[in-house]
Amino acid sequence: MALNFPDLTKLYAHNFDTVIDVRSPAEYAEDHLPGAINLPVLNNEERARVGTIYVQESPFLARKLGAALVFRNAANHIEQHLSHHEGSWRPLVYCWRGGQRSGSFTWMLQQIGWRADVVEGGYRTYRRLVNAYLYDDPLPHRLIALDGYTGTAKTDLLALLQRRGVQVLDLEALANHRGSLLGERPGGQPAQKAFESALSSALCAMNPARPVVVEAESSKIGSLILPPSLWTALCAAPRVQITAPMEARAAYLVRAYDDILSDSDRLRDRLSPLRFHRGHDVVDGWMHLIDADEKHALTQALMEQHYDPAYTKSRRSRSAEVLANINIATLDDDGLATAASQIESLLDQL
């Protein structure tokens, strides 16, 4: 009997030793259950070949070839990747829809003596649960948003709060992007589905009775879209407003964005499209500062002429409650630690 999971929290709280995704590497790369390993019973080419035969020739021929490939690949996995497991090992297996791929592999594992089970409905069931959690149902969490101009070290504050035991949802870390025009990070961003898996997994691991601190973001982080349930909760979340002097913000951003500030060609490429929004004279001024390697002056100019005006405009359209205004005079270790303590004390009163 395949296992039925009525909601996402119960699926994430499974007690199995290993979750095995037997779909093709391409399917796994796009998205998978958090923590699952990939032991494909059909690789990308084999899956395409079987599918073509099914459509163009005969479903029977496709199933016959597929069965041979599945059992051959499954045998290789058992011999090469799973042979070290003891008899008490409990794997949970899934494929695209909980059909022949996962069923066949689970049967083989059970015949060996392992206590294997399969997810009813496979990955499609999992995606329906994720969609319900992030698109249909209201989030059960109380979000508190850190808000403020670019360069007020909100991401560093999140890390400090997390180390103090505060529940934190770091959207930029999950999206692998710093959330701004110059925010790309090495490795690129995950697929939208993988981002949503990471989001739902992180949220389901948190206690809804305690507040969750998150950075106030726009509806997109890089190319990724915040799902509706999260975006609705974030828009309504009360704010902790973080401020800091312009000089301190510029110095902080020079440190935090040194990678792209040191790459002149990439920097010009990212800033050039802003000519339409900010005008040629403004962008030409930025280019001169890049040519002169004036990182601090460039950072300050970008804040004054682009980031701060954009933030001020977006803030006018929001009416969320402000719980506190916290000014950080110096964005160094001492200044951030003091601000984190203030935020932690505020959360204790909620």
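The values are calculated or read from the model by the stated rules, or taken from the named source; none is laboratory data. Since we're looking at a predicted model, the values are computed, not measured. Cβ coordinates were reconstructed from backbone atoms using ideal geometry, including for glycine residues, and neighbour counts include every protein chain displayed. The area values use the complete protein model at the heavy-atom level, side chains included, leaving out ligands, DNA and RNA. Shrake-Rupley method; radii C 1.70, N 1.55, O 1.52, S 1.80 Å.
The table below lists the values:
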quantity: Criterion: out of contact with any Leu (no Cβ under 9 Å at 6 or more places or on another chain), open to solvent by less than 40 Å² (accessible area, probe 1.4 Å) and over 26 Å from ALA175 (Cβ atoms) - qualifying residue of SER58, SER88, SER83; calculated: SER58
quantity: Residue tally, condition open to solvent by 30 Å² or more (accessible area, probe 1.4 Å) and out of contact with any Phe, Trp or Tyr (no Cβ under 8 Å at 6 or more places or on another chain), over segment 100-119; calculated: 8
quantity: Segment 158-171 - residue that is in contact with a helix residue (DSSP H, G or I) (Cβ under 6 Å, 6 or more places away or on another chain) and assigned to a helix (DSSP H, G or I) and, of those, most open to solvent (accessible area, probe 1.4 Å); calculated: LEU160
quantity: In segment 316-340, residue least open to solvent (accessible area, probe 1.4 Å) [restricted to those that are more than 22 Å from ALA256 (Cα to Cα) and without any contact (Cβ under 8 Å) to a residue 40 or more places away in the chain]; calculated: SER317
quantity: Residues of segment 276-299 satisfying the condition of being farther than 30 Å from LEU336 by Cα, part of a helix (DSSP H, G or I) and at pLDDT 90 or above; calculated: ARG278, HIS280, ASP281, VAL282, VAL283, ASP284, GLY285, MET287, HIS288, ASP291
quantity: Qualifying residue in segment 19-32 (condition: farther than 29 Å from GLN192 by Cα, open to solvent by less than 70 Å² (accessible area, probe 1.4 Å) and touching a Gly at 6+ places or on another chain (Cβ under 9 Å)); calculated: no
quantity: Subset of segment 231-249 (residues that are in a loop (DSSP other than H, G, I, E, B) and within 23 Å of the chain's Cα centre (by Cα)); calculated: ALA237, PRO238
quantity: Out of THR9, THR52, sole residue that is open to solvent by 50 Å² or more (accessible area, probe 1.4 Å), among the polar types (S, T, N, Q) and closer than 26 Å to LEU203 by Cβ; calculated: THR9
quantity: Residues located in segment 84-117, provided they are in contact with a Gly (Cβ under 6 Å, 6 or more places away or on another chain), of a type in the set (A, V, I, L, M, F, W, C) and under 18 Å from PHE16 (Cα atoms); calculated: CYS95
quantity: Matching option when the condition is among the polar types (S, T, N, Q) and more than 25 Å from TYR257 (Cβ to Cβ), among SER201, SER180; calculated: SER201
quantity: Segment 134-157, subset farther than 17 Å from ARG255 by Cβ and assigned to a helix (DSSP H, G or I), residue most open to solvent (accessible area, probe 1.4 Å); calculated: ASP136
quantity: Odd one out for ARG210 among (1) within 30 Å of ALA194 (Cα to Cα); (2) in a helix (DSSP H, G or I); (3) open to solvent by 70 Å² or more (accessible area, probe 1.4 Å); calculated: (2)
quantity: Residues that are open to solvent by 50 Å² or more (accessible area, probe 1.4 Å) and polar (S, T, N, Q), drawn from segment 220-242; calculated: SER223, THR232
quantity: Test: residue in segment 121-137 that is within 23 Å of TYR28 (Cα to Cα), touching a strand residue (DSSP E or B) at 6+ places or on another chain (Cβ under 8 Å) and not aromatic (Phe, Trp, Tyr); calculated: yes
quantity: Scope segment 262-305; condition touching a residue at least 60 places away in the same chain (Cβ under 8 Å) and open to solvent by less than 50 Å² (accessible area, probe 1.4 Å); matching residues; calculated: LEU267, LEU271, LEU274, THR299, MET303
quantity: PRO190 being of a type outside the set (Gly, Ala, Ser), farther than 19 Å from THR9 by Cβ and either touching a residue at least 24 places away in the same chain (Cβ under 8 Å) or buried (at least 21 other Cβ atoms within 10 Å of the Cβ) (or both); calculated: yes
quantity: Qualifying residue in segment 307-318 (condition: touching a Lys or Arg at 6+ places or on another chain (Cβ under 9 Å) and either at positive phi or not in a helix (DSSP H, G or I) (or both)); calculated: yes
quantity: Any chance ARG124 is open to solvent by 40 Å² or more (accessible area, probe 1.4 Å) and in contact with a Phe, Trp or Tyr (Cβ under 7 Å, 6 or more places away or on another chain); calculated: yes
